[in-house]
Amino acid sequence: MPSPETIIASVAAVTGVPVGAITGRHRPHEVSVARFLAIAGIRRIHTWLTLRQVGKLFRRDHTSIVHASKRHRALLSTDPHYVRLWNQVVQDIHQP
C-alpha cells in the first residue's frame, strides 16, 4: 500500500506539478487539479485517515479537503482530461 507521500509523488509524476507546489499554498489551476488528484488518491487508499489528518498533509483544514473532494467528483463527471489523469494516478498507485 503506497504511503500518502508516495501518492503525492505519483500525482506529481503524472501531472508534472512539483510535490512542493501540490502541498503548498499556491492555487493556479494546474496546481489545484494536481492537489485534487492527490487528495482523492490518498482518501481512496487511506480510508481510515480523518479529513483533518489528510488536511495536515497539505497544510489545509478539513473544510478544504471536503471542497477538494467535491471538486474531484465534479471534474470526474465533466472533464475528460481530468478523468484521464485520474485513471493514470489510480493505475500508478495500484501497481505492485
Exercise. For Kirkwood radius over Cα pairs in Å, the listed values are (1) 13.3; (2) 13.8; (3) 13.0; which was obtained by calculation from the structure presented?
Worked result: (3)
Exercise. What is the distance, in nm, between label points placed 7 Å from the Cα along the Cα-to-Cβ direction at Arg25 and at Gln53?
Worked result: 2.7
Exercise. How high is the relative contact order of segment 1-71, in percent, with contacts defined as C-alpha pairs under 8 Å that are six or more residues apart?
Worked result: 29
Problem set entry | Over segment 27-71: Kirkwood hydrodynamic radius from C-alpha pairwise inverse distances, Å | 10.3
Problem set entry | Inter-probe distance in nm under a simple model that places probes 7 Å from Cα toward Cβ, at Ala13 and Gln88 | 1.2
For this session: Find the centroid of the Cα atoms in segment 71-96 and in segment 17-41, then give the distance between the two in whole Å.
Result: 14
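The numbers here are math on the coordinates, done by the rules we state, and not lab data. From a predicted model like this one, the values you see are computed outputs, not experimental measurements. Every residue, glycine as well, gets a Cβ built from its backbone with ideal geometry; the counts of neighbours run over all protein chains shown.
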